[in-house]
Amino acid sequence: KTDETTHISGEEKYIKIHAGRQSYLLRDTMNRIEGRLNPTQFVRTHRSYIVNTDYIREIQPWTHGDYIILMTNGDKVKLSRRYSESVLEK
């Protein structure tokens, strides 16, 4: 269920879907999974991360224009300069 997915991370030729305390490893690409997700709910934050905006608790400045996203479940996700403008708009 995508409504329970907090974020998705890329791991070489696999993606890891983080949902609650569970995670699921699938053989897929970030680009392909991004194209199948609801763009009003999910946003790309880094070449290796996609985040469900419903689970963002806080965005903190990090280094060199990058940020760290604190998720409601305590996970930390990178927000790169490349994607920061679109994420901060939402």
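Suppose the filter is polar (S, T, N, Q) and open to solvent by 60 Å² or more (accessible area, probe 1.4 Å); does Thr6 pass it? Give the steps one after another, and end with the answer.
On the way: polar (S, T, N, Q): yes; open to solvent by 60 Å² or more (accessible area, probe 1.4 Å): no.
No: the conditions fail for Thr6.
For segment 16-30, how many residues meet the condition of being in a loop (DSSP other than H, G, I, E, B) and either open to solvent by 100 Å² or more (accessible area, probe 1.4 Å) or among the aliphatic types (A, V, I, L, M) (or both)? Write out each step before concluding.
Of segment 16-30, the ones in a loop (DSSP other than H, G, I, E, B) are 20-21, 27-29.
Filter once more, keeping what is either open to solvent by 100 Å² or more (accessible area, probe 1.4 Å) or among the aliphatic types (A, V, I, L, M) (or both): 21, 27.
Number of matching residues: 2.
Only residues that are open to solvent by 20 Å² or more (accessible area, probe 1.4 Å) and of a type in the set (Ser, Thr, Tyr): list them for segment 45-61, please.
Pass one, segment 45-61, residues open to solvent by 20 Å² or more (accessible area, probe 1.4 Å): 46-49, 53-61.
Answer for segment 45-61, where residues must be open to solvent by 20 Å² or more (accessible area, probe 1.4 Å) and of a type in the set (Ser, Thr, Tyr): Ser48, Tyr49, Thr53, Tyr55.
Taking segment 31-44 as the search range and keeping residues that are touching a Phe, Trp or Tyr at 6+ places or on another chain (Cβ under 8 Å) and open to solvent by less than 30 Å² (accessible area, probe 1.4 Å), which one is farthest from Tyr83 (Cα to Cα)? Spell out the reasoning first.
At the first step, the residues of segment 31-44 found to be touching a Phe, Trp or Tyr at 6+ places or on another chain (Cβ under 8 Å) are 34, 43-44.
If we keep only those that are open to solvent by less than 30 Å² (accessible area, probe 1.4 Å) too, we end up with 43-44.
On the way: Val43: 9, Arg44: 7 Å.
Out of the qualifying residues, it is Val43.
Residues of segment 71-87 being open to solvent by less than 60 Å² (accessible area, probe 1.4 Å) and either of a type in the set (Asp, Glu) or in contact (Cβ under 8 Å) with a residue 60 or more places away in the chain (or both), which ones? First the steps, then the outcome.
Here is the first cut: in segment 71-87, the ones open to solvent by less than 60 Å² (accessible area, probe 1.4 Å) are 71, 74-75, 77, 79-80, 83-84, 86-87.
Met71, Asp75, Val77 - these are the residues of segment 71-87 that are open to solvent by less than 60 Å² (accessible area, probe 1.4 Å) and either of a type in the set (Asp, Glu) or in contact (Cβ under 8 Å) with a residue 60 or more places away in the chain (or both).
Can you tell me which residues in segment 37-90 are assigned to a loop (DSSP other than H, G, I, E, B) and aromatic (Phe, Trp, Tyr)?
Residues of segment 37-90 assigned to a loop (DSSP other than H, G, I, E, B): 37-41, 47-48, 62-66, 72-75, 80, 90.
The one that is assigned to a loop (DSSP other than H, G, I, E, B) and aromatic (Phe, Trp, Tyr): Trp62.
Looking at (1) at pLDDT below 95; (2) crowded, with 18+ Cβ neighbours inside 10 Å, which is the only condition Lys13 fails?
It is condition (2) that Lys13 fails.
The values are calculated or read from the model by the stated rules, or taken from the named source; none is laboratory data. Note that the structure is a prediction, hence the values are computed from the model and not measured. Cβ sites come from the backbone with ideal geometry, for glycine too, and all protein chains shown count toward neighbours. In case anyone asks, the SASA skips ligands and DNA or RNA and just uses the protein heavy atoms, side chains included. Shrake-Rupley method; radii C 1.70, N 1.55, O 1.52, S 1.80 Å.
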